[in-house]
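Working notes, beginning with the structure itself.
Every read-out reported here was derived from the displayed coordinates using simple, explicitly stated rules and does not represent laboratory data. Because the structure is a prediction, the values reported are computed rather than measured. Methodologically, a virtual Cβ is constructed for each residue, glycine included, from the backbone with ideal geometry; neighbour enumeration extends over all protein chains shown.
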Amino acid sequence: GAASPMFADQASGSIFNRWNGKPYSQNFHHILDKRKTLPVWQHKEEILDALKKNQVLVLVGETGSGKTTQIPQFVLEMMMVETTPSDDKRRKKMMVGCTQPRRVAAMSVSQRVAEEMDVTLGEEVGYTIRFEDKSSPNTVLNYLTDGMLLREAMTDPLLKSYSAIILDEAHERTVATDILFGLLKQVLRSRPDLKVVVMSATLEAEKFQGYFGGEAPLIKVPGRLHDVEVFYTAESQRDYVEAAIQTVVQVHMCEGPGDVLLFLTGEEEIEDACRNIAKEIGNLGGQVGPATIIPLYSTLPPALQQKVFEPAPGTRKIVVSTNIAETSLTIDGIVYVVDPGFVKRKVYDPRVGAESLQVTPISKASAEQRKGRAGRTAPGKCYRLYTEKSFDKDLQSQTDPEIVRSNLGTTFLTMKKLGIDDLVHFDYMDPPAPKTLERALEMLYYLGAMDDEGNLTKLGQIMSEFPLDPQTAKTLIVSPEFNCSNEILSICAMLSVPNCFVRPPKGEARRKAADEAKARFAHIEGDHLTLLNIYHAFKLNNEDPSWCYENFINYKAMKSADNVRQQLARIMSRYNLRMCSTEFGSRDYYVNIRKAILAGCFMQVAHLERSTGHYLTVKDNQVVHLHPSTCLDHNPQWVVYNECVVTSRSFIRTTTDIRGEWLLDIAPHFYEMENFPECEAKRVLKTLYKKRGREMEKSKNRR
Ligand code: ADP
Ligand code: MG
């Protein structure tokens, strides 16, 4: 085989980096030595050889074998042997794109790879995630979320800016990755020059190979796993968070050196657990060694995310992470894994049409991946906080692909925009249930995004331009009709960023102060309006970080909302959507805003049933509760909500008070009585319709 071309310049003694013409730093060589020990390096020739001979290659390798960081560099090198740093035009055409299902992974990995290539992040190596594009015309290697690549395909259907696409973490089977599979299969036919690498951490890869007609070679990179001893609990645990905390503390007290990785399900749970672990270890005082406790979840600011990779000499690192650490990010030095067996994921029941985030048991495949994280550098131990019987009997063998458990509204909008006419007969790797397809089409139809024939309407076209879910996009697009687009824009921006409220980690007094601060912004008619208050206050206080600090507001979240707002405003102006406000003193100021929200989200409405005191979602009749974080100080008869979250109960989060009459005015096609299941809400609506009828009658008579 040929000598490895990427370092040909080094072999020839060049000390200059081919990407930016600068001399290589000391760090470059240091990292390079380390990189060369990664398992994928042993297969470099084989991989590149297979890719030269084939358009598609499937690559399976244990997490940590170097797939995400190394393969894109190998491919890049293969595609760019002949270019020079000044050859910009060529370069652009030769970009390598590597998709990631998770934003965090795209950010974190691109940063690492920029360091490995000895270039600046955002220049030769970049990343693109929703609302944040850190790539430039110089970018030759871009890490982007699978959703962003789909969006790019909307304007560049043949993906002409790429010479190679790497679908990473394909085993995650996100909706976007699944759609990309189908799309790439088509694109490959018209672009014989395009190379595609599908990378996966699990053996399901054979399915990917089959999808491409069996022509794609499959290369397996064996991992270097050490033995991991598995422990199960004798009984099932009632409180898995508490059990997890105790296990972590126990490990820290009794086990030899090595870092700990605990899997939990979400931000709040993780932050709470970190605090409690710190407290318990603190209580042990000098009996135990020092520990560095590090949270890891997707809404954590990037600088804090990076902390998991920093060594913590002299202490034991305890990482408390979401599923991100299962296969997306590799943290070196983990010897102990604590696995409660749960994950938060999207669950969708097409019969009732509600999509929600739920804490659910993981699959056997996930459990095995988690266990594997303990054996990368040395023999390890994995504590499963469930019984062996439960592992054998209760856990599913694989996680279902996301496409069979999602509401496909957003996806369908994108697919239509991509020119995929027949959504039902698209070449899905796993087709969604007919009921799910039907539901999604129905939703787009109700929103006015699609006509009777299933074609995108003008409104649907514009909706697809916004990087928002269809309901939010519609709210924004119709907001000028309610004379409140300035305000709705702010609310949509706030809804698109992480929670802006800071919950102080410790101290009763601080917590009380935070609650009081929040109460000062609270709008009693709803959480959407509260978000608007906060955004306004932030701007009025000149985006002052210390004002944020004093008011327990997350400054970074606010800055990013401001940035998102500008991006959305640009799209609005492109479509001549008017920026306007109702006069603040007017009684209609908030009424108009509430109506506009309803105009997009009329399918996310719940009604308070007097008989039971519970909220039921309209048409689906699911019992839901107002989320404890709500600012509503009363239980309105009707509420519109932003999302449904299921933990021990089903909660609707970000809710606003609306009036039943508005439903008849704003969404009569959805609130017609014929297809409405029997319930209290229906009876109330019927009364409203009758009243409406009488009033019309009266005014006719008067005339
Ligand atoms: P894979 O994609 O096969 O799971 P990666 O390419 O993500 O593997 O990781 C390979 C190795 O690169 C890891 O074991 C780790 O040593 C190193 N690495 C990856 N990301 C970082 C980072 N942000 N900081 C330091 N080292 C990293
Ligand atoms: Mg990876």
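General remarks:
- Descending semi-axes in whole angstrom, ellipsoid equivalent of region 644-703, from the Cα gyration tensor: 31, 13, 9
- Stretch gain in nm, segment T315-R703, where the contour uses 0.36 nm per residue and the Cα spacing is subtracted: 131.3 nm
- Close amide H partners of G122, meaning residues 5 or more places away or on another chain with modelled amide H under 5 Å apart, are Y127.
- N533-Q26 FRET efficiency (beta carbon distance; Förster radius 41 Å; 0.05 resolution): 0.20
- Hydrodynamic analysis of the chain uses the Kirkwood radius over alpha carbon pairs. Inserted into Stokes-Einstein at 4 °C and 1.567 mPa s, it gives a translational diffusion coefficient of 47 µm²/s.
- Note on the chain: dipole from Cβ charges, positive end direction compared against V639, I165, F309; the farthest Cα belongs to V639.
- If you plug the beta carbon distance of I524 and E132 into 1/(1 + (r/R0)^6) with R0 = 35 Å, you get a FRET efficiency near 0.55.
- Judged by the mean number of other Cβ atoms found within 10 Å, the most tightly packed of the peptides 142-148, 442-448, 528-534 leads the ranking 142-148, 528-534, 442-448.
- Shown here for region 640-687: GluC sites (Glu not before Pro) in loop regions (DSSP other than H, G, I, E, B) with at most 10 other Cβ atoms within 10 Å, namely E674, E678.
- Amide H within-cut-off set for Y386, under 5 Å, with H built and near neighbours excluded: T233
- P(r) tail fraction, region 290-396 - alpha-carbon pairs more than 15 Å apart, %: 69
- Set of region 607-647 residues, backbone N closer than 14 Å to the point 7 Å along the Cα-Cβ line of D400: none
- Rough spin-label spacing in nm, given labels placed 7 Å along Cα→Cβ, for M154 and N455: 2.0
- Chain lengthening between I15 and K686 when straightened (0.36 nm per residue, less Cα-Cα): 233.6 nm
- Note on region 354-411: with charges restricted to the Cβ of Lys and Arg (+1) and Asp and Glu (-1), its dipole about the Cα centre is near 420 debye.
- Segment R587-K36, extension gain: residue separation times 0.36 nm, minus the distance between their alpha carbons: 191.6 nm
- Helix-only CD estimate at 222 nm, as mean residue ellipticity for the chain, using -39500 (n - 2.57) per DSSP H run (n ≥ 4): -12500 deg cm²/dmol
- Using θ = phi - 60° and Karplus 6.51 cos²θ - 1.76 cosθ + 1.60, couplings along region 669-677 (whole Hz; Gly, Pro as x): 5, 8, 9, 8, 7, 4, 9, 9, x
- Positive-end ranking of A273, L608, Y232 along the dipole of the chain, with charges on Cβ about the Cα centre, is headed by L608.
- Considered as an equivalent ellipsoid built on the Cα gyration tensor, region 246-305 has semi-axes of 22, 12, 11 Å, the largest given first.
- Phi-derived couplings, Karplus 6.51 cos²θ - 1.76 cosθ + 1.60 at θ = phi - 60°, listed residue by residue for region 374-384: 7, x, 6, 10, 7, x, x, 9, 10, 9, 8 Hz, with x used for Gly and Pro.
- In Hz, Karplus ³J(HN,Hα) per residue of region 618-631 (6.51, -1.76, 1.60; θ = phi - 60°; x = Gly, Pro): 5, 6, 8, 6, 8, 6, 9, 10, 5, 5, x, 7, 5, 9
- For T292, the residues whose amide H sits under 5 Å from its own are R316, K317, I318, ignoring neighbours fewer than 5 places away on the same chain, with H placed 1.01 Å from N.
- Normalising the Debye intensity of region 536-587 to I(0), with uniform scatterers on Cα atoms only, and taking log10 at q = 0.23, 0.25 Å⁻¹ returns -0.90, -0.93.
- Region 358-494: Cα Rg divided by the 2.2 N^0.38 Å rule of thumb: 1.49
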